[in-house]
1. Given 0.36 nm per residue, what is the gain on full extension from residue 209 to residue 68 after removing their alpha carbon distance, in nm?
2. Per residue of the stretch 405-422, what does 6.51 cos²θ - 1.76 cosθ + 1.60 with θ = phi - 60° give for ³J(HN,Hα)? Whole Hz please, x for Gly and Pro, Karplus curve as stated.
3. What distance in nm lies between label points placed 7 Å from Cα along the C-beta direction at residue 398 and residue 292?
4. Could you tell me what percent of the accessible area of the stretch 381-432 is made up of carbon and sulfur, with a 1.4 Å probe and every protein chain present?
5. In square angstrom, what is the accessible area per residue of the stretch 1-141 with a 1.4 angstrom probe?
6. Express in Å², to the nearest 10, the accessible area of residue 64 obtained by rolling a 1.4 Å probe over the protein heavy atoms while all chains stay in place.
7. How much FRET efficiency would the formula 1/(1 + (r/R0)^6) give for residue 350 and residue 501, where r is the Cβ-Cβ distance and R0 is 22 Å, rounded to 0.05?
8. What percentage of the solvent-accessible surface of the stretch 226-326, computed with a 1.4 Å probe over protein heavy atoms, is contributed by carbon and sulfur atoms?
Amino acid sequence: MLRGVTRLTGGGTTQTTVLRNGVTVATTLSQGHFVSVGVGLNAGSAMETDATRGAVHLMDRMAFKSTQSMPANVLMRAVESVGGNLMAHSSRESIMYQASVFPKHLNETLAILGSVVREPAFFPEEMDEAKGQVAWEMEAMQWNYPTILPERLHQVAFGNKLGHTPDSPPSATDTKFKRSITVNEIPNLCTSSGAIGTPLMPDNQRTLQSITPRTLKDFHQTWFTPDRIVVSGVGMPHEELVDLAEKEFGAIPQISAETKSTQNAILQRASKYTGGIVLADTIGQNVSPNPDDQLLTHVYIAFEAPGMLDPDVYALATLASLMGGGGSFSAGGPGKGMYTRLYTEVLNRYHWVENCNMLSYSYQPTSLFGISASIPPSPDTHAHIIPILLSHLHQTTNPSSVTVTALSRAKNQLKSNLLMSLESRAVELEDVSRQILAQNGTRVGVSEMCARVDAVTSQDIARVAQRSPLTFGEKDDGVLEHWKRSGDGGPTVLGTDAFHKVDERVREWGLGGDLFLREGVSREKIVSAGRGRVGLGSTWFGRK
(Lines give C-alpha, C1' and ligand atoms only; values in the text may rest on other atoms or scores of the structure.)
Protein backbone atom coordinates (compact mmCIF):
# COMPACT_ATOMS: atom_id res chain seq x y z
CA MET A 1 0.00 0.00 0.00
CA LEU A 2 1.48 3.34 -1.07
CA ARG A 3 -0.98 5.43 0.91
CA GLY A 4 0.39 7.99 3.36
CA VAL A 5 -1.22 10.47 5.76
CA THR A 6 -4.86 11.58 5.35
CA ARG A 7 -6.23 14.79 6.85
CA LEU A 8 -9.07 17.31 6.59
CA THR A 9 -8.56 20.94 5.55
CA GLY A 10 -10.63 23.85 4.25
CA GLY A 11 -12.85 23.93 7.32
CA GLY A 12 -13.40 20.17 7.10
CA THR A 13 -14.73 20.34 3.53
CA THR A 14 -11.58 19.08 1.77
CA GLN A 15 -9.86 15.76 2.46
CA THR A 16 -6.25 15.19 1.45
CA THR A 17 -4.00 12.15 1.34
CA VAL A 18 -0.29 12.15 0.53
CA LEU A 19 0.93 8.99 -1.17
CA ARG A 20 4.28 7.54 -0.16
CA ASN A 21 6.04 8.98 -3.20
CA GLY A 22 4.77 12.51 -2.48
CA VAL A 23 1.72 12.76 -4.78
CA THR A 24 -1.15 14.57 -3.02
CA VAL A 25 -4.78 13.52 -3.51
CA ALA A 26 -7.44 16.08 -2.55
CA THR A 27 -11.22 15.84 -2.81
CA THR A 28 -14.25 17.85 -1.79
CA LEU A 29 -17.82 16.61 -1.81
CA SER A 30 -20.44 18.17 -4.07
CA GLN A 31 -23.84 16.86 -5.10
CA GLY A 32 -24.65 16.45 -8.78
CA HIS A 33 -24.73 14.15 -11.78
CA PHE A 34 -21.12 14.81 -12.79
CA VAL A 35 -17.73 14.55 -11.14
CA SER A 36 -14.69 16.68 -11.91
CA VAL A 37 -11.16 15.33 -11.72
CA GLY A 38 -7.84 16.94 -12.49
CA VAL A 39 -4.08 16.73 -12.16
CA GLY A 40 -2.30 19.91 -11.12
CA LEU A 41 1.44 20.55 -11.44
CA ASN A 42 3.34 23.03 -9.31
CA ALA A 43 5.25 24.26 -12.35
CA GLY A 44 4.70 26.96 -14.95
CA SER A 45 6.42 29.46 -17.19
CA ALA A 46 8.07 31.05 -14.13
CA MET A 47 10.18 27.88 -13.86
CA GLU A 48 11.44 28.08 -17.44
CA THR A 49 15.11 28.78 -18.11
CA ASP A 50 16.77 30.18 -21.21
CA ALA A 51 17.11 26.58 -22.44
CA THR A 52 13.42 25.75 -21.91
CA ARG A 53 11.83 29.11 -22.80
CA GLY A 54 8.34 28.60 -24.23
CA ALA A 55 8.14 24.94 -23.18
CA VAL A 56 5.10 25.28 -20.90
CA HIS A 57 2.83 26.87 -23.49
CA LEU A 58 3.80 24.31 -26.12
CA MET A 59 3.21 21.45 -23.66
CA ASP A 60 -0.20 22.98 -22.98
CA ARG A 61 -1.00 22.83 -26.71
CA MET A 62 0.32 19.25 -26.96
CA ALA A 63 -1.56 18.00 -23.88
CA PHE A 64 -3.69 15.40 -25.64
CA LYS A 65 -1.30 14.28 -28.35
CA SER A 66 0.37 10.86 -28.38
CA THR A 67 1.74 9.31 -25.19
CA GLN A 68 4.14 6.38 -24.84
CA SER A 69 1.26 3.94 -24.38
CA MET A 70 -1.52 5.67 -26.36
CA PRO A 71 -1.07 6.88 -29.96
CA ALA A 72 -2.97 10.06 -30.77
CA ASN A 73 -5.86 8.29 -32.51
CA VAL A 74 -6.30 5.85 -29.61
CA LEU A 75 -6.16 8.68 -27.07
CA MET A 76 -8.76 10.69 -29.00
CA ARG A 77 -11.13 7.74 -29.10
CA ALA A 78 -10.66 7.29 -25.36
CA VAL A 79 -11.42 10.99 -24.79
CA GLU A 80 -14.56 10.74 -26.93
CA SER A 81 -15.71 7.62 -25.07
CA VAL A 82 -15.85 9.52 -21.76
CA GLY A 83 -17.62 12.55 -23.20
CA GLY A 84 -14.77 14.57 -24.65
CA ASN A 85 -14.86 17.25 -21.92
CA LEU A 86 -11.14 17.33 -21.15
CA MET A 87 -8.88 20.39 -21.17
CA ALA A 88 -5.44 21.63 -20.22
CA HIS A 89 -4.20 25.11 -19.41
CA SER A 90 -1.09 26.65 -17.94
CA SER A 91 -0.06 29.77 -16.04
CA ARG A 92 3.10 31.24 -14.58
CA GLU A 93 2.99 28.96 -11.54
CA SER A 94 0.95 25.89 -12.48
CA ILE A 95 -0.19 23.49 -15.20
CA MET A 96 -3.65 21.95 -14.97
CA TYR A 97 -5.19 18.95 -16.74
CA GLN A 98 -8.88 18.42 -15.92
CA ALA A 99 -12.14 16.79 -16.99
CA SER A 100 -15.82 16.66 -16.05
CA VAL A 101 -17.49 13.29 -16.65
CA PHE A 102 -20.19 10.95 -15.40
CA PRO A 103 -19.09 9.05 -12.27
CA LYS A 104 -19.00 5.77 -14.22
CA HIS A 105 -16.20 7.17 -16.43
CA LEU A 106 -13.94 8.32 -13.58
CA ASN A 107 -11.61 5.33 -13.88
CA GLU A 108 -11.07 5.73 -17.64
CA THR A 109 -10.71 9.50 -17.34
CA LEU A 110 -7.97 9.36 -14.73
CA ALA A 111 -6.21 6.71 -16.83
CA ILE A 112 -6.16 9.20 -19.74
CA LEU A 113 -4.89 12.02 -17.52
CA GLY A 114 -2.32 9.70 -15.96
CA SER A 115 -0.89 8.73 -19.33
CA VAL A 116 -0.84 12.35 -20.53
CA VAL A 117 1.00 13.55 -17.41
CA ARG A 118 3.38 10.61 -16.88
CA GLU A 119 4.48 9.69 -20.37
CA PRO A 120 3.96 12.27 -23.14
CA ALA A 121 5.69 11.22 -26.37
CA PHE A 122 6.49 14.67 -27.86
CA PHE A 123 6.75 13.32 -31.41
CA PRO A 124 8.39 15.83 -33.82
CA GLU A 125 5.52 15.80 -36.33
CA GLU A 126 2.98 16.54 -33.59
CA MET A 127 5.22 19.27 -32.22
CA ASP A 128 5.38 20.91 -35.67
CA GLU A 129 1.59 20.96 -35.75
CA ALA A 130 1.45 22.57 -32.29
CA LYS A 131 4.11 25.11 -33.30
CA GLY A 132 1.92 26.14 -36.23
CA GLN A 133 -0.95 26.77 -33.83
CA VAL A 134 1.24 28.81 -31.48
CA ALA A 135 2.66 30.81 -34.40
CA TRP A 136 -0.89 31.72 -35.40
CA GLU A 137 -1.62 32.80 -31.80
CA MET A 138 1.48 34.99 -31.80
CA GLU A 139 0.45 36.59 -35.09
CA ALA A 140 -3.04 37.33 -33.76
CA MET A 141 -1.65 38.83 -30.56
CA GLN A 142 0.27 41.62 -32.27
CA TRP A 143 -2.87 43.78 -32.47
CA ASN A 144 -4.67 42.30 -29.47
CA TYR A 145 -3.45 44.85 -26.95
CA PRO A 146 -5.68 43.68 -24.03
CA THR A 147 -3.86 40.32 -24.26
CA ILE A 148 -0.31 41.33 -25.06
CA LEU A 149 0.07 44.42 -22.87
CA PRO A 150 -0.43 42.61 -19.53
CA GLU A 151 2.32 40.23 -20.64
CA ARG A 152 4.64 43.13 -21.38
CA LEU A 153 3.65 44.75 -18.08
CA HIS A 154 5.02 41.69 -16.28
CA GLN A 155 8.23 41.89 -18.26
CA VAL A 156 8.74 45.53 -17.36
CA ALA A 157 7.79 45.00 -13.70
CA PHE A 158 9.89 41.89 -13.10
CA GLY A 159 12.46 42.17 -15.88
CA ASN A 160 16.15 41.92 -15.13
CA LYS A 161 16.71 44.67 -17.67
CA LEU A 162 14.88 46.62 -20.32
CA GLY A 163 16.02 45.86 -23.81
CA HIS A 164 15.13 43.89 -26.90
CA THR A 165 14.80 40.31 -27.93
CA PRO A 166 16.99 39.00 -30.76
CA ASP A 167 14.19 39.67 -33.25
CA SER A 168 14.10 43.37 -32.32
CA PRO A 169 17.50 45.11 -32.14
CA PRO A 170 17.89 48.08 -29.79
CA SER A 171 17.89 51.66 -30.95
CA ALA A 172 20.73 54.06 -30.23
CA THR A 173 19.19 55.36 -27.01
CA ASP A 174 18.07 52.04 -25.52
CA THR A 175 21.34 50.93 -23.96
CA LYS A 176 21.87 54.15 -21.98
CA PHE A 177 19.01 53.78 -19.54
CA LYS A 178 18.12 50.86 -17.29
CA ARG A 179 14.77 52.03 -15.93
CA SER A 180 13.19 54.10 -18.70
CA ILE A 181 12.96 53.34 -22.39
CA THR A 182 11.07 54.25 -25.52
CA VAL A 183 10.56 51.47 -28.04
CA ASN A 184 8.94 51.35 -31.43
CA GLU A 185 7.45 47.88 -31.29
CA ILE A 186 4.90 46.36 -28.93
CA PRO A 187 5.58 42.60 -29.25
CA ASN A 188 9.21 42.78 -28.06
CA LEU A 189 9.47 45.35 -25.30
CA CYS A 190 11.90 43.57 -23.03
CA THR A 191 14.37 40.76 -22.85
CA SER A 192 13.11 37.57 -21.21
CA SER A 193 13.80 37.91 -17.52
CA GLY A 194 13.00 34.56 -15.95
CA ALA A 195 10.63 33.83 -13.04
CA ILE A 196 7.37 35.83 -13.03
CA GLY A 197 8.65 38.14 -15.75
CA THR A 198 8.75 35.24 -18.20
CA PRO A 199 5.99 35.49 -20.84
CA LEU A 200 3.25 32.86 -20.80
CA MET A 201 4.02 31.97 -24.41
CA PRO A 202 7.08 32.26 -26.68
CA ASP A 203 7.60 35.96 -27.31
CA ASN A 204 9.13 35.69 -30.76
CA GLN A 205 9.46 33.25 -33.66
CA ARG A 206 13.10 32.52 -32.92
CA THR A 207 12.24 31.26 -29.44
CA LEU A 208 9.35 29.17 -30.79
CA GLN A 209 11.41 27.51 -33.51
CA SER A 210 14.26 26.75 -31.09
CA ILE A 211 12.02 24.45 -29.02
CA THR A 212 12.69 20.77 -29.72
CA PRO A 213 11.31 17.50 -28.31
CA ARG A 214 14.41 17.43 -26.10
CA THR A 215 13.42 20.84 -24.68
CA LEU A 216 10.02 19.54 -23.58
CA LYS A 217 11.46 16.29 -22.25
CA ASP A 218 14.00 18.19 -20.15
CA PHE A 219 11.29 20.40 -18.63
CA HIS A 220 9.06 17.38 -18.04
CA GLN A 221 11.83 15.41 -16.36
CA THR A 222 12.75 18.33 -14.11
CA TRP A 223 9.33 19.50 -12.96
CA PHE A 224 6.82 16.63 -13.34
CA THR A 225 7.94 15.04 -10.08
CA PRO A 226 5.53 13.40 -7.59
CA ASP A 227 6.07 15.99 -4.86
CA ARG A 228 4.75 18.67 -7.24
CA ILE A 229 1.64 16.72 -8.39
CA VAL A 230 -1.87 17.11 -6.94
CA VAL A 231 -4.67 14.79 -8.07
CA SER A 232 -7.87 16.63 -7.19
CA GLY A 233 -11.53 15.74 -7.44
CA VAL A 234 -14.97 17.19 -6.80
CA GLY A 235 -18.02 15.00 -6.24
CA MET A 236 -16.56 11.54 -5.65
CA PRO A 237 -15.69 9.57 -2.46
CA HIS A 238 -12.18 10.37 -1.31
CA GLU A 239 -11.12 6.74 -0.99
CA GLU A 240 -12.16 6.02 -4.57
CA LEU A 241 -9.93 8.77 -5.96
CA VAL A 242 -7.05 7.72 -3.70
CA ASP A 243 -7.23 4.17 -5.04
CA LEU A 244 -7.27 5.40 -8.65
CA ALA A 245 -4.43 7.86 -7.98
CA GLU A 246 -2.32 5.06 -6.49
CA LYS A 247 -2.90 3.05 -9.64
CA GLU A 248 -1.94 5.86 -12.03
CA PHE A 249 0.67 7.81 -10.08
CA GLY A 250 1.77 5.68 -7.12
CA ALA A 251 4.58 4.00 -9.06
CA ILE A 252 6.32 7.25 -10.06
CA PRO A 253 9.75 7.22 -8.38
CA GLN A 254 10.38 9.76 -5.67
CA ILE A 255 12.30 12.84 -6.75
CA SER A 256 16.04 12.21 -6.96
CA ALA A 257 18.63 14.35 -5.20
CA GLU A 258 19.99 15.49 -8.56
CA THR A 259 16.57 16.64 -9.83
CA LYS A 260 15.82 18.34 -6.51
CA SER A 261 19.11 20.21 -6.77
CA THR A 262 18.25 21.34 -10.31
CA GLN A 263 14.83 22.56 -9.16
CA ASN A 264 16.31 24.48 -6.23
CA ALA A 265 18.88 26.17 -8.45
CA ILE A 266 16.11 27.44 -10.74
CA LEU A 267 13.79 28.43 -7.88
CA GLN A 268 16.56 30.47 -6.28
CA ARG A 269 16.15 32.97 -9.12
CA ALA A 270 13.67 34.83 -6.97
CA SER A 271 11.37 37.18 -8.84
CA LYS A 272 12.70 40.68 -8.22
CA TYR A 273 10.45 43.62 -8.87
CA THR A 274 12.31 46.31 -10.79
CA GLY A 275 9.58 48.50 -12.21
CA GLY A 276 10.24 51.06 -14.91
CA ILE A 277 8.58 53.29 -17.46
CA VAL A 278 8.13 52.04 -21.02
CA LEU A 279 6.34 54.11 -23.64
CA ALA A 280 5.91 52.44 -27.01
CA ASP A 281 5.65 54.50 -30.16
CA THR A 282 3.01 52.61 -32.17
CA ILE A 283 3.13 54.81 -35.28
CA GLY A 284 3.37 52.53 -38.30
CA GLN A 285 2.43 49.41 -36.33
CA ASN A 286 0.05 46.82 -37.72
CA VAL A 287 -3.60 47.49 -36.99
CA SER A 288 -6.35 44.99 -36.45
CA PRO A 289 -7.91 43.63 -39.65
CA ASN A 290 -11.30 44.01 -37.97
CA PRO A 291 -12.71 47.39 -39.11
CA ASP A 292 -14.85 47.56 -35.96
CA ASP A 293 -11.80 47.65 -33.69
CA GLN A 294 -11.24 51.22 -32.53
CA LEU A 295 -7.71 52.64 -32.48
CA LEU A 296 -6.98 53.48 -28.83
CA THR A 297 -4.12 54.51 -26.61
CA HIS A 298 -3.56 52.18 -23.64
CA VAL A 299 -1.84 52.96 -20.36
CA TYR A 300 -1.07 50.70 -17.39
CA ILE A 301 0.21 51.84 -13.99
CA ALA A 302 1.11 49.11 -11.51
CA PHE A 303 3.01 48.56 -8.27
CA GLU A 304 4.34 45.53 -6.45
CA ALA A 305 1.75 44.21 -4.00
CA PRO A 306 1.44 41.48 -1.33
CA GLY A 307 1.49 37.93 -2.66
CA MET A 308 -1.40 35.51 -2.50
CA LEU A 309 -0.13 33.92 0.74
CA ASP A 310 -0.16 37.21 2.65
CA PRO A 311 -3.00 37.99 5.13
CA ASP A 312 -3.66 41.29 3.36
CA VAL A 313 -4.71 39.47 0.19
CA TYR A 314 -8.33 39.83 1.38
CA ALA A 315 -8.00 43.59 1.89
CA LEU A 316 -6.34 43.85 -1.52
CA ALA A 317 -9.16 41.92 -3.20
CA THR A 318 -11.73 44.12 -1.43
CA LEU A 319 -9.90 47.22 -2.67
CA ALA A 320 -10.01 45.89 -6.23
CA SER A 321 -13.74 45.20 -5.85
CA LEU A 322 -14.37 48.67 -4.44
CA MET A 323 -12.53 50.38 -7.31
CA GLY A 324 -13.95 48.06 -10.01
CA GLY A 325 -14.29 49.68 -13.40
CA GLY A 326 -15.46 48.57 -16.81
CA GLY A 327 -16.07 49.80 -20.34
CA SER A 328 -18.04 52.77 -21.60
CA PHE A 329 -20.08 50.55 -23.95
CA SER A 330 -21.71 48.68 -21.06
CA ALA A 331 -24.68 50.38 -19.44
CA GLY A 332 -23.83 48.77 -16.12
CA GLY A 333 -26.24 46.70 -14.12
CA PRO A 334 -26.02 43.83 -11.65
CA GLY A 335 -22.51 42.39 -11.54
CA LYS A 336 -21.13 44.89 -14.07
CA GLY A 337 -19.61 47.30 -11.55
CA MET A 338 -22.08 50.13 -12.14
CA TYR A 339 -21.58 51.50 -8.61
CA THR A 340 -17.84 50.97 -8.33
CA ARG A 341 -15.63 54.03 -7.93
CA LEU A 342 -13.99 53.90 -11.36
CA TYR A 343 -17.38 53.54 -13.02
CA THR A 344 -19.04 56.46 -11.21
CA GLU A 345 -16.05 58.80 -11.01
CA VAL A 346 -14.17 58.07 -14.25
CA LEU A 347 -16.32 56.38 -16.90
CA ASN A 348 -19.46 58.41 -16.06
CA ARG A 349 -17.55 61.67 -15.65
CA TYR A 350 -15.15 61.57 -18.58
CA HIS A 351 -17.04 60.53 -21.69
CA TRP A 352 -13.85 60.03 -23.71
CA VAL A 353 -12.54 57.19 -21.51
CA GLU A 354 -13.37 53.94 -23.28
CA ASN A 355 -12.20 51.53 -20.55
CA CYS A 356 -10.88 51.92 -17.02
CA ASN A 357 -10.21 48.97 -14.74
CA MET A 358 -8.19 47.91 -11.73
CA LEU A 359 -5.38 45.41 -12.30
CA SER A 360 -4.64 42.54 -9.95
CA TYR A 361 -2.26 39.70 -10.80
CA SER A 362 -1.58 37.49 -7.77
CA TYR A 363 1.27 35.01 -7.38
CA GLN A 364 2.75 33.12 -4.46
CA PRO A 365 5.81 35.31 -3.79
CA THR A 366 4.43 38.69 -4.88
CA SER A 367 1.79 40.38 -7.03
CA LEU A 368 1.05 43.30 -9.32
CA PHE A 369 -1.71 45.75 -8.47
CA GLY A 370 -2.69 48.90 -10.31
CA ILE A 371 -4.95 50.57 -12.81
CA SER A 372 -5.39 50.71 -16.60
CA ALA A 373 -7.25 52.83 -19.11
CA SER A 374 -7.95 52.97 -22.83
CA ILE A 375 -8.59 56.34 -24.47
CA PRO A 376 -8.79 57.91 -27.96
CA PRO A 377 -5.34 59.09 -29.06
CA SER A 378 -5.00 62.86 -28.77
CA PRO A 379 -2.76 65.32 -26.89
CA ASP A 380 -5.65 66.39 -24.63
CA THR A 381 -6.66 62.88 -23.56
CA HIS A 382 -3.01 61.93 -23.03
CA ALA A 383 -2.46 64.97 -20.84
CA HIS A 384 -5.48 64.33 -18.64
CA ILE A 385 -5.64 60.55 -18.17
CA ILE A 386 -2.46 60.11 -16.11
CA PRO A 387 -3.50 62.59 -13.36
CA ILE A 388 -6.97 61.02 -13.27
CA LEU A 389 -5.58 57.52 -12.72
CA LEU A 390 -2.99 58.65 -10.19
CA SER A 391 -5.55 60.62 -8.19
CA HIS A 392 -7.70 57.54 -7.75
CA LEU A 393 -4.74 55.41 -6.71
CA HIS A 394 -3.74 58.03 -4.16
CA GLN A 395 -7.28 58.32 -2.87
CA THR A 396 -7.23 54.70 -1.75
CA THR A 397 -4.56 55.52 0.88
CA ASN A 398 -7.03 57.68 2.83
CA PRO A 399 -9.41 55.71 5.12
CA SER A 400 -11.97 58.55 5.06
CA SER A 401 -12.38 58.13 1.29
CA VAL A 402 -14.04 54.74 1.82
CA THR A 403 -17.62 55.12 2.98
CA VAL A 404 -19.41 52.43 4.97
CA THR A 405 -21.86 51.90 2.10
CA ALA A 406 -19.13 51.58 -0.54
CA LEU A 407 -17.10 49.18 1.60
CA SER A 408 -20.14 47.00 2.34
CA ARG A 409 -21.08 46.93 -1.35
CA ALA A 410 -17.53 45.99 -2.34
CA LYS A 411 -17.35 43.16 0.18
CA ASN A 412 -20.77 41.82 -0.81
CA GLN A 413 -19.87 41.88 -4.49
CA LEU A 414 -16.54 40.14 -3.79
CA LYS A 415 -18.23 37.40 -1.78
CA SER A 416 -20.97 37.06 -4.37
CA ASN A 417 -18.44 36.64 -7.18
CA LEU A 418 -16.52 34.11 -5.10
CA LEU A 419 -19.58 32.02 -4.25
CA MET A 420 -21.01 32.12 -7.77
CA SER A 421 -17.67 31.13 -9.27
CA LEU A 422 -17.38 28.12 -6.97
CA GLU A 423 -20.78 26.88 -8.13
CA SER A 424 -18.89 25.63 -11.18
CA ARG A 425 -17.24 22.27 -10.50
CA ALA A 426 -14.42 23.13 -12.88
CA VAL A 427 -13.66 26.32 -10.96
CA GLU A 428 -13.90 24.56 -7.60
CA LEU A 429 -11.58 21.83 -8.86
CA GLU A 430 -9.02 24.42 -9.92
CA ASP A 431 -9.37 26.21 -6.58
CA VAL A 432 -8.69 22.97 -4.70
CA SER A 433 -5.62 22.23 -6.81
CA ARG A 434 -4.15 25.73 -6.67
CA GLN A 435 -4.58 26.09 -2.92
CA ILE A 436 -3.16 22.66 -2.16
CA LEU A 437 -0.17 23.35 -4.43
CA ALA A 438 0.50 26.83 -3.04
CA GLN A 439 -0.26 26.28 0.65
CA ASN A 440 1.63 23.11 1.53
CA GLY A 441 -1.32 20.79 1.24
CA THR A 442 -3.89 22.98 2.99
CA ARG A 443 -6.96 24.81 1.77
CA VAL A 444 -8.88 27.79 3.12
CA GLY A 445 -12.58 27.00 2.81
CA VAL A 446 -15.08 29.39 1.25
CA SER A 447 -16.73 30.11 4.62
CA GLU A 448 -13.39 31.14 6.09
CA MET A 449 -12.60 33.27 3.03
CA CYS A 450 -15.93 35.08 3.35
CA ALA A 451 -15.29 35.64 7.06
CA ARG A 452 -11.91 37.19 6.28
CA VAL A 453 -13.50 39.45 3.69
CA ASP A 454 -16.12 40.53 6.25
CA ALA A 455 -13.31 41.44 8.67
CA VAL A 456 -11.78 43.99 6.29
CA THR A 457 -12.15 47.62 7.44
CA SER A 458 -11.53 50.96 5.75
CA GLN A 459 -8.30 51.18 7.77
CA ASP A 460 -7.22 47.86 6.23
CA ILE A 461 -7.93 49.26 2.76
CA ALA A 462 -5.76 52.32 3.40
CA ARG A 463 -3.04 50.27 5.06
CA VAL A 464 -2.79 47.75 2.25
CA ALA A 465 -2.39 50.68 -0.16
CA GLN A 466 0.40 52.12 1.97
CA ARG A 467 1.56 48.69 3.16
CA SER A 468 2.62 49.58 6.67
CA PRO A 469 3.53 46.75 9.09
CA LEU A 470 0.84 44.10 9.20
CA THR A 471 -1.90 44.47 11.77
CA PHE A 472 -4.55 42.43 10.01
CA GLY A 473 -5.73 40.89 13.26
CA GLU A 474 -5.57 37.29 12.04
CA LYS A 475 -3.68 34.72 14.05
CA ASP A 476 -1.00 32.82 12.19
CA ASP A 477 -2.80 29.67 11.02
CA GLY A 478 0.19 28.20 9.20
CA VAL A 479 -1.32 28.91 5.79
CA LEU A 480 -0.86 32.63 5.24
CA GLU A 481 2.54 34.22 5.60
CA HIS A 482 3.82 37.77 5.64
CA TRP A 483 4.98 39.21 2.35
CA LYS A 484 8.39 40.78 1.84
CA ARG A 485 8.76 43.30 -0.96
CA SER A 486 11.30 42.14 -3.55
CA GLY A 487 11.94 45.57 -5.08
CA ASP A 488 12.04 49.24 -4.09
CA GLY A 489 8.32 49.87 -4.51
CA GLY A 490 8.55 52.12 -7.54
CA PRO A 491 5.91 52.26 -10.29
CA THR A 492 5.65 50.26 -13.47
CA VAL A 493 4.18 52.34 -16.29
CA LEU A 494 3.44 50.93 -19.73
CA GLY A 495 1.87 53.08 -22.44
CA THR A 496 1.29 52.77 -26.17
CA ASP A 497 1.80 56.43 -27.03
CA ALA A 498 3.28 59.73 -25.84
CA PHE A 499 2.67 60.65 -22.19
CA HIS A 500 4.69 63.71 -21.26
CA LYS A 501 6.75 63.58 -18.04
CA VAL A 502 5.09 60.50 -16.59
CA ASP A 503 7.67 60.20 -13.79
CA GLU A 504 6.98 63.77 -12.67
CA ARG A 505 3.25 63.14 -12.54
CA VAL A 506 3.82 60.01 -10.42
CA ARG A 507 6.02 61.93 -7.96
CA GLU A 508 3.58 64.82 -7.76
CA TRP A 509 0.98 62.46 -6.36
CA GLY A 510 3.46 60.90 -3.92
CA LEU A 511 3.09 57.46 -5.43
CA GLY A 512 6.08 55.16 -5.13
CA GLY A 513 8.03 57.71 -3.09
CA ASP A 514 10.66 60.04 -4.53
CA LEU A 515 13.76 58.64 -6.19
CA PHE A 516 15.55 61.97 -6.07
CA LEU A 517 15.05 62.62 -2.35
CA ARG A 518 15.73 59.01 -1.41
CA GLU A 519 18.85 58.48 -3.48
CA GLY A 520 20.15 62.04 -3.61
CA VAL A 521 19.92 62.17 -7.40
CA SER A 522 19.86 65.72 -8.71
CA ARG A 523 17.18 66.69 -11.24
CA GLU A 524 19.82 67.65 -13.78
CA LYS A 525 21.26 64.13 -13.86
CA ILE A 526 18.04 62.52 -15.04
CA VAL A 527 18.10 62.41 -18.83
CA SER A 528 15.06 61.66 -20.97
CA ALA A 529 15.10 58.43 -22.93
CA GLY A 530 12.85 59.36 -25.81
CA ARG A 531 9.46 60.07 -24.28
CA GLY A 532 10.04 58.11 -21.06
CA ARG A 533 11.91 59.13 -17.92
CA VAL A 534 13.40 57.47 -14.87
CA GLY A 535 11.23 57.79 -11.76
CA LEU A 536 11.02 55.14 -9.05
CA GLY A 537 10.32 55.10 -5.35
CA SER A 538 10.44 53.25 -2.06
CA THR A 539 6.88 52.54 -0.90
CA TRP A 540 4.06 50.66 -2.57
CA PHE A 541 1.83 53.48 -3.82
CA GLY A 542 1.04 55.51 -0.72
CA ARG A 543 2.77 58.70 0.32
CA LYS A 544 5.85 58.19 2.45
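1. Details: separation 141, 0.36 × 141 = 50.76 nm, distance 2.40 nm.
Length gained, residue 209 through residue 68: 48.4 nm.
2. With coefficients 6.51, -1.76 and 1.60, one gets 5, 5, 5, 5, 5, 5, 5, 5, 5, 4, 5, 4, 4, 4, 5, 5, 5, 6 Hz.
3. The answer from the label model is 4.2 nm.
4. Numbers: 1340 of 2310 Å².
For the stretch 381-432, the apolar C and S fraction of the accessible surface comes to 58 percent.
5. Values: 5840 Å² over 141 residues.
That works out to 41 Å² per residue.
6. 40
7. Details: r = 21 Å, r/R0 = 0.94.
Calculated value: 0.60.
8. Numbers: 2140 of 3980 Å².
Of the solvent-accessible surface of the stretch 226-326, carbon and sulfur hold 54 percent.
The values are calculated or read from the model by the stated rules, or taken from the named source; none is laboratory data. Computed from a predicted model, the values in this text were never measured in an experiment. A quick note on method: Cβ atoms are made from the backbone with ideal geometry, for glycine too, and the neighbour counts reach across all protein chains shown. Areas reflect the complete protein model, heavy atoms only, side chains present, ligands, DNA and RNA absent. Shrake-Rupley method; radii C 1.70, N 1.55, O 1.52, S 1.80 Å.
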